[in-house]
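Here is the structure we will look at, set down as structure tokens.
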Amino acid sequence: MSVAFRILKQGTRARTGLVETAHGIIKTPAFMPVGTVGSVKAMFPEDVSGAGADIILSNTYHLMLRPGAERVARMGGLHKLMNWHKPILTDSGGFQVMSLAGLRKVSHHGVIFRSHIDGTKYELTPERSMEIQHLLGSTITMAFDECTSYPATHLEAQKSMELSMAWADRSKSAYISRSGYGLFGIVQGGMYEDLRTESVKILNSIQFDGYAIGGLAVGEDKATMLRILDHTTSLMRQDKPRYLMGVGKPSDIVQAVCMGVDMFDCVLPTRSGRNGQAFVKGGTINIRNQKYAEDETRLDPYCSCYTCTNYTRAYLHHLVKAKEILGAMLMTLHNVSYYLDLMSKIRKAIEDDSLEELIRDF
């Protein structure tokens, strides 16, 4: 058995369920805090778990550069190295194929990178990506793909999608299957519905343990993103988890859940926390704003996280303005707690048939 997915309750399209893995159960819909290089920035692993995270995300490309997959394997794997014993999903490095465009050369075989750290040349292929993720001990491995850039013509998006599908097939062949671990394929096709349809069909024929939607939130407008997401999820298998990569804002997550998405990741809560922005009921606040300098209220009156329970906006304002590390830690802890609490509320609302009420309140 690979990873197992059970749907516990389903409304019109939104559903809640369980992904059972070798490292524990993931309650869905789930948000994965991003720990790109084996660390959720400004957070202790125990606090990430305590905030309610069942799974985190790390990145193949960055861990390949340092400390190196072979070194991680010698240290007992990523779980042991970072003292995180719940599931880990690793992005395959495909996003860097797009984002590091000036440092790489793409061919049918794979991608040749020059490290953004020191210029050292590396080759990343579907086979090497599978090997790296196996050495890391990833609970959920992602197929190697090319994240289609935006904007792209139909022909450009088609060639990119076809390359990703060829790499998906090679990823499946190279992947070492074992009990409690899984491999997810990634739907591509840019902003073109016909290409997304073709991509879903190809991935279904290869057969994966779960299916991700890639190539969104890469610069397109919100309406386009939602149109492509709605179209894509309507075609995807019901019996496998669906993962929307790199999205997004809380409102994006709520809308995507309504379209049947089960898993999410995004750097927003951690990056925003380090930059002094907090997600609160009703929107966001910039704690750097002078109006919070003597504000003795909690960061979010509706939040019971450690930050909100123990510290005032005035103190957080001071820490962030003074560039104290504690400021980044407390703000990040709150934001991650906010996201994970939102997911918990969404799961309960689906179970209680009150999702529409939650959306109105949200």
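What FRET efficiency comes out for the pair residue 304/residue 105, r = Cβ-Cβ distance, R0 = 56 Å, nearest 0.05? Plugging the Cβ-Cβ distance into 1/(1 + (r/R0)^6) gives 0.65.
Can you pull out the trypsin sites (Lys or Arg not before Pro) in the stretch 315-361 whose DSSP state is coil and whose Cβ has at most 15 other Cβ atoms within 10 Å?
323
Which pairs in the list 222/321; 172/249; 172/240; 86/249; 80/222; 9/281 are over 28 Å apart, alpha-carbon to alpha-carbon?
From 222/321; 172/249; 172/240; 86/249; 80/222; 9/281, over 28 Å: 222/321; 172/249; 80/222.
Using R0 = 45 Å, the C-beta based FRET efficiency linking residue 121 and residue 275 works out to 0.85. Between the C-alpha center of the stretch 286-362 and that of the stretch 203-234 there is a gap of 30 Å. Subtracting the Cα-Cα distance of residue 325 and residue 166 from their residue separation scaled by 0.36 nm leaves 52.8 nm.
Where (i) 84, 45, 38; (ii) 59, 49, 41; (iii) 92, 50, 44 are the candidate values, the label of the one calculated here for Cα extents along the principal axes in Å is (ii).
Comparing 49, 164, 58 in a Gaussian network model of the chain where C-alpha atoms under 10 Å apart are linked, the largest mean-square fluctuation is found at 49.
Helix 222-235 sits at what angle to the longest principal axis of the chain, using alpha carbons and giving 0 to 90 degrees rounded to 10? Approximately 50 degrees, to the nearest ten. Of the residues 21, 332, 309, the one that moves most in a GNM of the chain with alpha-carbon contacts below 10 Å is 309. Note: relative contact order over the stretch 4-266, using C-alpha pairs below 8 Å and six or more positions apart, is 18 percent. Residues 333, 235 in ascending order of nearby Cβ atoms (within 10 Å, fewest first): 235, 333. FRET efficiency for the residue 284 to residue 345 pair, using the beta carbon distance and R₀ = 22 Å, is estimated at 0.75. Principal-axis analysis of the Cα atoms of the chain puts helix 193-206 at an angle of about 70° to the longest axis. Put in order of Cβ neighbour count within 10 Å, fewest first, the listed residues 267, 320 become 267, 320. Here the chain carries DSSP beta bridges of which approximately 50% are antiparallel, counting only pairs with both residues inside. Taking GluC sites (Glu not before Pro) in DSSP loop conformation with at most 11 other Cβ atoms inside 10 Å as exposed sites, the chain has its longest uninterrupted site-free stretch at 1-293.
Each value in this text was obtained by applying a stated rule to the coordinates, not by laboratory testing. As the structure is a prediction and not an experimental result, all values here were calculated from the model. Note: ideal-geometry Cβ built from the backbone for every residue, glycine included; neighbour counts use all protein chains shown.
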